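The values are calculated or read from the model by the stated rules, or taken from the named source; none is laboratory data. Note that the structure is predicted; figures quoted are calculated from it, not measured. For neighbour counting, all protein chains shown are included, and Cβ atoms are generated from backbone atoms with ideal geometry for every residue, glycine included.
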Amino acid sequence: MTHDDIAKRIQALGARKTEKMYANDFLLTWEKSDDEIMATFEVAGIFRALRENNISARVFDSGLGISLFRDNSTRTRFSFASACNLLGLEVQDLDEGKSQIAHGETVRETANMISFMADVIGIRDDMYIGKGNTYMRDVAEAVQEGFNDGVLEQRPTLVNLQCDIDHPTQSMSDALHLVHLFGGVENLKGKKIAMSWAYSPSYGKPLSVPQGIIGLMTRFGMDVVLAHPEGYEVMPEVEEVAKKNAAASGGSYARTNDMAESFKDAHVVYPKSWAPFAAMEKRTQLYDDRDEAGIKALEKELLAQNAQHKEWECTEALMDTTKAGKAMYMHCLPADITDVSCKEGEVAAAVFDRYRVPLYKEASFKPYIIAAMIFLSKFKDPAAKLGELLKAGARRIR
Amino acid sequence: MTHDDIAKRIQALGARKTEKMYANDFLLTWEKSDDEIMATFEVAGIFRALRENNISARVFDSGLGISLFRDNSTRTRFSFASACNLLGLEVQDLDEGKSQIAHGETVRETANMISFMADVIGIRDDMYIGKGNTYMRDVAEAVQEGFNDGVLEQRPTLVNLQCDIDHPTQSMSDALHLVHLFGGVENLKGKKIAMSWAYSPSYGKPLSVPQGIIGLMTRFGMDVVLAHPEGYEVMPEVEEVAKKNAAASGGSYARTNDMAESFKDAHVVYPKSWAPFAAMEKRTQLYDDRDEAGIKALEKELLAQNAQHKEWECTEALMDTTKAGKAMYMHCLPADITDVSCKEGEVAAAVFDRYRVPLYKEASFKPYIIAAMIFLSKFKDPAAKLGELLKAGARRIR
Amino acid sequence: MTHDDIAKRIQALGARKTEKMYANDFLLTWEKSDDEIMATFEVAGIFRALRENNISARVFDSGLGISLFRDNSTRTRFSFASACNLLGLEVQDLDEGKSQIAHGETVRETANMISFMADVIGIRDDMYIGKGNTYMRDVAEAVQEGFNDGVLEQRPTLVNLQCDIDHPTQSMSDALHLVHLFGGVENLKGKKIAMSWAYSPSYGKPLSVPQGIIGLMTRFGMDVVLAHPEGYEVMPEVEEVAKKNAAASGGSYARTNDMAESFKDAHVVYPKSWAPFAAMEKRTQLYDDRDEAGIKALEKELLAQNAQHKEWECTEALMDTTKAGKAMYMHCLPADITDVSCKEGEVAAAVFDRYRVPLYKEASFKPYIIAAMIFLSKFKDPAAKLGELLKAGARRIR
């Protein structure tokens, strides 16, 4: 992209209403207006273009980005670190125990203690239904109070790096990938996307990806089909969001217990394992009760239930039934690939291999999406600031 | 604070004698002159004002701050990281085993190997009486030799982030909090502060906080009372420091075995658990001897001794006896709060809750205090350098 | 070194052919031309001189250096972090399990996922013969493909921080130390260096140091003698490299089973433990087969074999037989010192103590060597860029 193209993009961004993103958090895509979603895509694209032109997007002379992961992660950790680094923030990791469910008092204190010089806090907390997003809001409230009380010099922005409800940095990257693929957001209209459950030997994966996808893709007029075996329902309130979005955007939202039906004539397929919502709710309660016998019994039950659905695999035969046999295959990675990472998995090796490059490109948007989320919360007039960066033209590699 | 106010503060700093801080370490507050202590407060305040005015305090274009924690820590780690980041240094953590007591040879070699590009080393080593501060001095000697021998291009500054004797970054932050509270160092004169032992179910906490407090607050003409049950004496040499300080400053230093007596009419109370000095000395010897049976026996004995003093709790009733019933309650955090973090703790929940905001503010000074300590060891004419920063006015968030 | 001296050095560098280093990796010294080796020394020296003159060598406004250590490390980790920091890159650590041998699919995916904003990846993977260097090449191929496919915005440079074959950052630092000691590369000609096996209670140390030394020092016309007990052979292909180098440089390469013979009249001695190549190959196979009984049996056998060679110690008596009794003693550190770090080790305490300062200096070159390797892969005209840095004269400590 040339200098002039970037300038045009910045100009277009100037027309978006993003004032409410300023000094605010990014927790759920459906809390954001269409303009805010579009602005996030646009800023991400501009950052990518600046970088490809070796123009520095450093807007912080110093500052910290805190990563708070309550689950292991390599990809998201590096995406967050990349985004922070792009903007000039240094990452500090706060690793809490994986199984720890923090209580109110601790959250308030810890949130303040790590935030004296924090410009952003990225949180991943996806393991317990009803907990992750709540935790993020507790942290947000704590730092807001800290700022109001004069404890904190600045109010760090929160970015949801995956919770029990949504995975906005993933779904936004996925969407931006589709925007590139189809040549514009407007071209997503009328395209069918199958968000389908798929079998994996690990049965307890978060629901945030399917929920994030149906909660976001319905905004663009897409025909979104959620497919899963009986018993693998997602959170009802997110389905409500999807329905409302579809009605507003002129798209559709449907649910089926038939993987083949969802793939039929689909332009995009997203086959992925997740855990049943009801079981995850029960599991959270068992953890709260510290009922270890109950947890073990539930895991056994879930494994048995899971094993009944090994036929939910993204095969070449299924791919043949998609639009012209050429649907885009998507995944948040890492995928469970049959005969590669496990004996029976979410996707056939041949399918996965054919889509490797687009899959990696899909992932490559995430650092830019995160950087855009941070940036939009830090600058009241993002177009003006990006214009300054472009004009200054400071070289990233000097 | 306005630009002009900051300029005035910088001018006042110019009158302080800080030459001896240059290329030197910050290990014990009582090794520093009154001017040096005041300069540290002043630089911390100027850094805070610069940041609040979005003026960058970055004085390093590149450079490393090494954190060497021989005990777990979240708060101090983040304070150190924040201070380094404020100045432009990138933090690298060196995590040694928690129980390892390094030997001379290793210290010398490791100290040099991590310091080729280190501008500062922050060390927390508070677990063994007679070890932590000694270790810091060993590291200081090693890097001085390395610098003299031409091994190191620069001589990294050492900052004591808590040792067996003192906790200068804590006590200095605490003092700066009081300076703000009472409207100037001069107003600390004649104020009574109770540094009191308090019950906690974890019986082996470091002595560095009470020692740091009595060793520092006595310098400002305060009436410092150390209260603890019999058997919970602190290091005699630190009490000597406190007595000498009190004599010089026109304050006083007293010790009592009665918590209520210490709280009576106090302007400030600091109730906190610590381990008995004599027992901690014995414990160090047992660790040196690798006498595991002895360690277990000692722990059992200490727990029993500890359990006898559950009435040492900072209650509302006790708070009522302080000056106008309104003493400032202080703590280095995290506190053991009765019925919140434990069944019986250092402080009643109602008291703690009432002081939450000032407690967080107290903690918020630490990054600035650490930054001031580093800065004063790096610039011969700190006022001139701060003047340059103010004049340049480079924006932190650009 | 004065400003003018640095300018002269930069001018000399301008005559070196380094085009092939641009956008390339540094995996084995013997893949590099003489000009490329010399340029690396020269850039390292210029970086050191710039730093000693407080001139910033920051060439990245933002960017990440990824460290991927598949073995514990403090020294190399800090050297890599220092090099990155010197150039303006922030380090992100990717810690994989120590025993994990990653498979093809995972390598390709992980390499891309961590590289979206990575300018350099430093890898240490030295534990399995036939694996470490292969792994580095797999990563290199993966990021090259990612770059070609448009997944990665830049192609990160790979730096070998120690593999099963070579340890180029170590051997290059060692060589630069000798260049300083003897007053120029040309003065290495005709100097005898003994790379000798030495006894250590830990029997499984990597072969990369002795292999790196014989593969590099033979290029400078040195008389290189490799000494070890029977059964402790190094990789035959590296010996071939050493022979070819020696023939080309007018030096010599010889092997002996007699430590004393290698020390006789040596100008430099490098006594160090390593594991037998054949046994390490067998061990890799056992790990691949997950043959735990086999691994234990092999370890027992190796310990028994190892214990037969305790007389391979660098003693004062042996040192007396070197050139004028004053050979330079070298080690990559940490050394196993008799009666200090172990009962019977590689070197007598008196010898080690006498050489402590030169040993630390030897180590001090590593951050600069690593920085030079990164720099030379990032700038097509390194002399021009260094000239810019010198002319700009931006202060590191401002």
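With a requirement of 3 or more residues that are away from chain C (no Cβ under 14 Å), the helices (runs of 4 or more DSSP H) lying completely within region A:59-160 that satisfy it span A:104-113, A:132-148. Here region C:102-117 is the region considered, the condition is being at pLDDT below 90 and in contact with a Ser or Thr (Cβ under 9 Å, 6 or more places away or on another chain), and the residue that is surrounded by the fewest Cβ atoms within 10 Å (Cβ to Cβ) is C:His103.
Looking at C:Ala39, is it away from chain B (no Cβ under 12 Å), under 30 Å from A:Arg75 (Cβ atoms) and either among the aliphatic types (A, V, I, L, M) or in contact (Cβ under 8 Å) with a residue 24 or more places away in the chain (or both)?
Numbers: away from chain B (no Cβ under 12 Å): yes; under 30 Å from A:Arg75 (Cβ atoms): no; either among the aliphatic types (A, V, I, L, M) or in contact (Cβ under 8 Å) with a residue 24 or more places away in the chain (or both): yes.
Taking the combined requirement at face value, the residue does not satisfy it.
Right, C:Met172: more than 14 Å from chain A (Cβ to nearest Cβ), surrounded by 21 or more Cβ atoms within 10 Å (Cβ to Cβ) and farther than 30 Å from B:Arg108 by Cα or not? Spelling it out, it is not the case that C:Met172 is more than 14 Å from chain A (Cβ to nearest Cβ), surrounded by 21 or more Cβ atoms within 10 Å (Cβ to Cβ) and farther than 30 Å from B:Arg108 by Cα.
If the condition is being free of Cβ contacts under 8 Å to residues at least 60 places away in the same chain, closer than 21 Å to A:Gln305 by Cβ and outside any helix (DSSP H, G or I), then region A:251-287 contributes A:Arg255, A:Thr256, A:Asn257, A:Asp258, A:Pro276.
Taking the conditions exactly as written (surrounded by fewer than 18 Cβ atoms within 10 Å (Cβ to Cβ) and in contact with a helix residue (DSSP H, G or I) (Cβ under 9 Å, 6 or more places away or on another chain)), does B:Gly231 satisfy them or not?
On the way: surrounded by fewer than 18 Cβ atoms within 10 Å (Cβ to Cβ): yes; in contact with a helix residue (DSSP H, G or I) (Cβ under 9 Å, 6 or more places away or on another chain): yes.
In short, yes.
When you scan region A:41-52, do you find a residue that is more than 21 Å from B:Arg396 (Cα to Cα) and part of a strand (DSSP E or B), even just one? For region A:41-52, residues more than 21 Å from B:Arg396 (Cα to Cα) and part of a strand (DSSP E or B): absent. The single condition among (1) at pLDDT below 95; (2) in a helix (DSSP H, G or I) that A:Ser202 does not satisfy is (2).
Yes/no per residue for (1) acidic (Asp, Glu); (2) closer than 30 Å to C:Leu87 by Cα:
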position	(1), (2)
C:Lys310	no, no
C:Ala317	no, no
C:Asp336	yes, no
C:Pro358	no, yes
C:Ser364	no, yes
C:Pro367	no, yes
C:Ala371	no, yes
C:Lys385	no, yes
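Considering region C:345-396, the residues that are closer than 19 Å to B:Met117 by Cα, more than 24 Å from the chain's Cα centre (by Cα) and surrounded by 17 or more Cβ atoms within 10 Å (Cβ to Cβ) include one that is farthest from the other protein chains (Cβ to nearest Cβ), namely C:Leu389. Residues in region B:10-37 that are crowded, with 19+ Cβ neighbours inside 10 Å and in a helix (DSSP H, G or I): B:Ile10, B:Leu13, B:Met21, B:Thr29, B:Trp30, B:Glu36, B:Ile37. Determine, yes or no, whether C:Val224 is within 23 Å of C:Cys314 (Cβ to Cβ) and either at pLDDT below 95 or in a strand (DSSP E or B) (or both). For C:Val224, the condition - within 23 Å of C:Cys314 (Cβ to Cβ) and either at pLDDT below 95 or in a strand (DSSP E or B) (or both) - is met.
Would you confirm, using the coordinates I've provided, whether B:Ile337 is buried (at least 16 other Cβ atoms within 10 Å of the Cβ), in contact with a helix residue (DSSP H, G or I) (Cβ under 8 Å, 6 or more places away or on another chain), modelled with pLDDT of 95 or more and over 30 Å from B:Phe26 (Cβ atoms)? Yes; evaluated as a whole, the condition is true for this residue.
Going through (1) outside the structural domain of A:Leu28 (by TED's automatic domain parsing); (2) crowded, with 21+ Cβ neighbours inside 10 Å one by one, A:Phe182 falls short only on (2).
Over 19 Å from the mean Cα position of the chain (by Cα) and touching a residue at least 12 places away in the same chain (Cβ under 8 Å): is that true of A:Leu94 in this structure? Taking the combined requirement at face value, the residue satisfies it.
The set of residues in region B:173-199 that are under 28 Å from B:Pro229 (Cβ atoms) and either modelled with pLDDT under 95 or in a helix (DSSP H, G or I) (or both) comprises B:Ser173, B:Asp174, B:Ala175, B:His177, B:Leu178, B:Leu188.
When C:Ala275, C:Ala297, C:Ala279 are checked against the criterion of being over 27 Å from C:Val351 (Cβ atoms), in the same structural domain as C:Cys342 (by TED's automatic domain parsing) and surrounded by 13 or more Cβ atoms within 10 Å (Cβ to Cβ), a single residue qualifies: C:Ala279. Entry remark, region A:57-87: residues being more than 28 Å from A:Lys131 (Cα to Cα) and surrounded by fewer than 22 Cβ atoms within 10 Å (Cβ to Cβ) number 2 in total.
Considering B:Arg48, B:Arg70, B:Arg58, the condition of being over 19 Å from B:Leu390 (Cβ atoms) and either assigned by TED's automatic domain parsing to the domain that holds B:Gly183 or touching a residue at least 40 places away in the same chain (Cβ under 8 Å) (or both) is satisfied by B:Arg70 alone. I'd like the full set of residues that are under 18 Å from B:Ser202 (Cβ atoms), in contact (Cβ under 8 Å) with a residue 24 or more places away in the chain and assigned to a helix (DSSP H, G or I), limited to region B:288-310. Correct list: B:Glu299, B:Leu302, B:Leu303, B:Gln305, B:Asn306.
With respect to the conditions (1) under 22 Å from C:Lys380 (Cβ atoms); (2) surrounded by fewer than 21 Cβ atoms within 10 Å (Cβ to Cβ); (3) within 14 Å of chain B (Cβ to nearest Cβ), C:Ala44 lacks only one, and its number is (2).
Of the residues A:Val120, A:Val143, A:Val159, which single one is buried (at least 19 other Cβ atoms within 10 Å of the Cβ), modelled with pLDDT of 95 or more and either touching a Phe, Trp or Tyr at 6+ places or on another chain (Cβ under 6 Å) or farther than 20 Å from B:Ser82 by Cβ (or both)? Quick ask: steps written out before the conclusion?
Numbers: A:Val120 fails: either touching a Phe, Trp or Tyr at 6+ places or on another chain (Cβ under 6 Å) or farther than 20 Å from B:Ser82 by Cβ (or both); A:Val143 fails: either touching a Phe, Trp or Tyr at 6+ places or on another chain (Cβ under 6 Å) or farther than 20 Å from B:Ser82 by Cβ (or both).
None of the others qualify; the one that does is A:Val159.
Filtering region C:307-318 to residues that are over 28 Å from C:Ser73 (Cα atoms) and either in contact with a His (Cβ under 6 Å, 6 or more places away or on another chain) or buried (at least 22 other Cβ atoms within 10 Å of the Cβ) (or both) leaves only C:Leu318.
Just checking, does region A:311-323 include any residue being assigned to a loop (DSSP other than H, G, I, E, B), modelled with pLDDT under 95 and under 25 Å from the mean Cα position of the chain (by Cα)? Talk me through it step by step, then tell me what you get.
Here is the first cut: in region A:311-323, the ones assigned to a loop (DSSP other than H, G, I, E, B) are A:311-313, A:315, A:321-322.
Next cut, modelled with pLDDT under 95 only: none.
No, region A:311-323 contains no residue that is assigned to a loop (DSSP other than H, G, I, E, B), modelled with pLDDT under 95 and under 25 Å from the mean Cα position of the chain (by Cα).
Every residue in region C:19-35 that is among the charged types (D, E, K, R) and touching a strand residue (DSSP E or B) at 6+ places or on another chain (Cβ under 9 Å), please. Outline the logic, then answer.
Going through region C:19-35, the residues among the charged types (D, E, K, R) turn out to be C:19-20, C:25, C:31-32, C:34-35.
Passing the criteria: C:Asp25, C:Lys32.
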